[in-house]
1. Being surrounded by 24 or more Cβ atoms within 10 Å (Cβ to Cβ) and not in a strand (DSSP E or B) is the filter; apply it to region 115-152 and report the residue that is modelled with the lowest pLDDT.
2. Looking only at residues in region 171-208 that are on the phi > 0 side of the Ramachandran plot and in contact (Cβ under 8 Å) with a residue 24 or more places away in the chain, which one is surrounded by the fewest Cβ atoms within 10 Å (Cβ to Cβ)?
3. State yes or no: is residue 25 at pLDDT below 95, surrounded by 22 or more Cβ atoms within 10 Å (Cβ to Cβ) and either assigned to a helix (DSSP H, G or I) or out of contact with any helix residue (DSSP H, G or I) (no Cβ under 9 Å at 6 or more places or on another chain) (or both)?
4. Need a quick list: strands (runs of 3 or more DSSP E) entirely within region 218-265 having at least 2 residues that are within 24 Å of residue 205 (Cβ to Cβ) and touching a strand residue (DSSP E or B) at 6+ places or on another chain (Cβ under 9 Å).
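The values are calculated or read from the model by the stated rules, or taken from the named source; none is laboratory data. Because the structure is predicted, anything quoted here is derived from the model rather than measured. Glycine also receives a Cβ, built like all others from the backbone with ideal geometry; neighbour counts cover every protein chain displayed.
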């Protein structure tokens, strides 16, 4: 669990674009920081993990949209994306907070023991928009970075690099502002990596054991997508595609040699 210092750092890392956060929202962000977690992809409407089989057919999950490489020897993943401006989905309430998250990661699907990941959450409530940069070694919770500010339209580079199955780094660089933050895992983590998966994902993440209301994020385009497999660089072209399905299909994903495009539909 997070310490008071980590909670304070998480609040300092949060940037409100449309308006300053109210005391009520600050309390909500502190609560979020204490229990925010990414998860493996779930089968729609269940808490059962969707295990991909590496085919080119599109799979459906309640919480993951994007591209997943399946194999062995994946030790690093990176990409850039432009931070979107989230909006309340059609039929949503202006009084409720809606969120989504863009991240890169190693493992989490055909490896069920760990995910090394880092990314950016984007949330909207009424006309107020906020962003958080974070890192996570699942099954531990996510932790917010301090020392970096993020705004709509910024170009962000996200990188994870595993030096072993229990150690590695998570780095977020705001290319637009020239700032960068890194967290180093030195062991003592809750689960070992398998190095079976590389991912570029937009997620409906979890707070307090429930998926958060999913924001309309427009489009997230991961560019310059690379993964390191057995010491060589590979792109996402051979990935399995996942779309989010919650009562209806909410995303549309396409993949090329160096890009993964995730659209809210």
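1. Applying the filter and picking the extreme gives 142.
2. In this case the residue turns out to be 208.
3. Judged against the criteria, residue 25 is not a match.
4. On the way: elements: 219-229, 232-234, 240-246, 251-255, 260-264.
Here the list reads 219-229, 240-246, 251-255, 260-264.
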